[in-house]
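Here is the structure we will look at, set down as structure tokens.
The values are calculated or read from the model by the stated rules, or taken from the named source; none is laboratory data. Bear in mind the structure is a predicted one, so any value in this text is a computation, not a measurement. FYI the Cβ positions are ideal-geometry reconstructions off the backbone, even for glycines, and counts take in every protein chain you see.
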Amino acid sequence: MRDKLLHAPPDFGPFAGDLPRIDDALGRRVNADPESLERGLAQLVLTIVELLRQLMERQALRRIDAGGLSDDQEERLGRTFMELDRRMAELREEFGLTEEDLNLDLGPLGRLL
Amino acid sequence: MIQLYAITDNPGPPLPDVAPLKTVPIDGLAAVCAPAGETEASPEMLWRHEEVVEALMADRDLLPARYGTRLEDEAALARAVEDRRDELAAALDRVRGAVELSVRVAAAGAPPSPAVPPQASSGAEYLRVRAHAEASHERTANAVHEPLAALSRASVVGRPRPPELFRAAYLVEREAVEPFTAEVARLQDAGAGLSFLCTGPWPPYSFAER
């Protein structure tokens, strides 16, 4: 596969962790046994929730950029998103998922971000 | 069962001798397929699929089929292609003479800082930290993307996966692969603290449908 490298940092630098992940991903997709199925479903649902959370957060940031929100409204919005962020971290932990696990390729949906 | 490798022009050059390939002609297009074995999906089989598509790509333009695209028989394949004939022909025109290059950028050296911002003391502060992170992210992405997009026919910017800061696929003319790679090297030299990974040429997977 070396011939596919047009430009790469020495020893792959920050990308070195990729190779095991690719094998993992394929293995997960292929072996849909009942135990991993539940975790897979949680992963999918949380991925979508996280996508929506990020979308809403971005929209909030744009609204603030555009002005027109009072300090009080900004504070309340900020607290809401901070709380959501914290809850997501808790849910991830509960299902033994990392932040990276919630980065599933959702196809065209993922391009919303 | 047969598996589909690619949609290409008909007539085309002779098929490479890398698999028991067969073409199914459909109104100016050809679907290249082979009998599907009973083997399980595996990384090796995925690379095998890629090898066949790349052997085809060596001397023709094509729309690559995703690994694992299987159909009952040639008649089913012909029906499936006929249904989308114009759409596929237009897509084939879009990728004509070009290949896909993948570019990913990450912060070099130090491990990425956690995406979770430091405990903010107030809602307003939380939003400020987020806005700041987003703006810096956007600056990085634009600085990388704009010069590369200028050298390509089309691009698809993906959602970066941590620790990446940026990922995109570019549809690049075959003759422009070298200048494109040189530009990546230039950005690498210029970009303080960024690490670039550029791979290809790949079949135009990211541009096969739109």
**Prompt:** Of B:Ser195, B:Ser206, which residue is within 17 Å of B:Ala91 (Cα to Cα) and either within 7 Å of another protein chain (Cβ to nearest Cβ) or assigned to a helix (DSSP H, G or I) (or both)?
**Reply:** B:Ser206
**Message:** Quick test of your reading of the structure: A:Arg76 fulfils all but one of (1) modelled with pLDDT under 90; (2) within 10 Å of another protein chain (Cβ to nearest Cβ); (3) surrounded by 12 or more Cβ atoms within 10 Å (Cβ to Cβ). Name the failing condition by number.
**Reply:** (1)
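For (1) modelled with pLDDT of 95 or more; (2) of a type outside the set (D, E, K, R), each residue gets a yes or a no:
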site	(1), (2)
B:Ser152	yes, yes
B:Gly158	no, yes
B:Glu164	no, no
B:Thr181	yes, yes
B:Val184	yes, yes
B:Gly191	no, yes
B:Arg210	no, no
**Message:** Taking the conditions exactly as written (within 11 Å of chain A (Cβ to nearest Cβ), under 17 Å from the mean Cα position of the chain (by Cα) and aliphatic (A, V, I, L, M)), does B:Val52 satisfy them or not?
**Reply:** no
**Message:** Among the residues in region B:161-178, are any part of a helix (DSSP H, G or I), within 18 Å of B:Ala108 (Cβ to Cβ) and more than 11 Å from chain A (Cβ to nearest Cβ)?
**Reply:** no
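Conditions tested, residue by residue: (1) surrounded by fewer than 11 Cβ atoms within 10 Å (Cβ to Cβ); (2) part of a helix (DSSP H, G or I); (3) modelled with pLDDT under 85.
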{"site": "A:Gly27", "(1), (2), (3)": "no, yes, yes"}
{"site": "A:Leu44", "(1), (2), (3)": "no, yes, no"}
{"site": "A:Thr47", "(1), (2), (3)": "no, yes, no"}
{"site": "A:Glu50", "(1), (2), (3)": "no, yes, no"}
{"site": "A:Asp72", "(1), (2), (3)": "yes, yes, no"}
{"site": "A:Phe81", "(1), (2), (3)": "no, yes, no"}
{"site": "A:Glu93", "(1), (2), (3)": "yes, yes, no"}
{"site": "A:Leu109", "(1), (2), (3)": "no, yes, yes"}
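Mind telling me which of the residues B:Ala58, B:Ala36, B:Ala31, B:Ala78 ends up being within 25 Å of B:Ala98 (Cα to Cα) and either in contact with a strand residue (DSSP E or B) (Cβ under 8 Å, 6 or more places away or on another chain) or free of Cβ contacts under 8 Å to residues at least 12 places away in the same chain (or both)? Show your work before the answer.
Numbers: B:Ala58 fails: either in contact with a strand residue (DSSP E or B) (Cβ under 8 Å, 6 or more places away or on another chain) or free of Cβ contacts under 8 Å to residues at least 12 places away in the same chain (or both); B:Ala36 fails: within 25 Å of B:Ala98 (Cα to Cα); B:Ala78 fails: within 25 Å of B:Ala98 (Cα to Cα).
Testing whether each residue is within 25 Å of B:Ala98 (Cα to Cα) and either in contact with a strand residue (DSSP E or B) (Cβ under 8 Å, 6 or more places away or on another chain) or free of Cβ contacts under 8 Å to residues at least 12 places away in the same chain (or both) leaves just B:Ala31.
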**Message:** Looking only at region B:64-111, count every residue that is more than 17 Å from the chain's Cα centre (by Cα) and not assigned by TED's automatic domain parsing to the domain that holds B:Glu51 and tell me the total.
**Reply:** 6
**Request:** List every residue pair whose Cβ atoms lie under 6 Å apart, where the two residues are 6 or more positions apart in sequence or sit on different chains, the first residue falls within region B:128-150 and is under 24 Å from A:Phe81 (Cα atoms), and the second residue, located anywhere, is of a type outside the set (A, V, I, L, M).
**Result:** B:Val129/B:Pro117
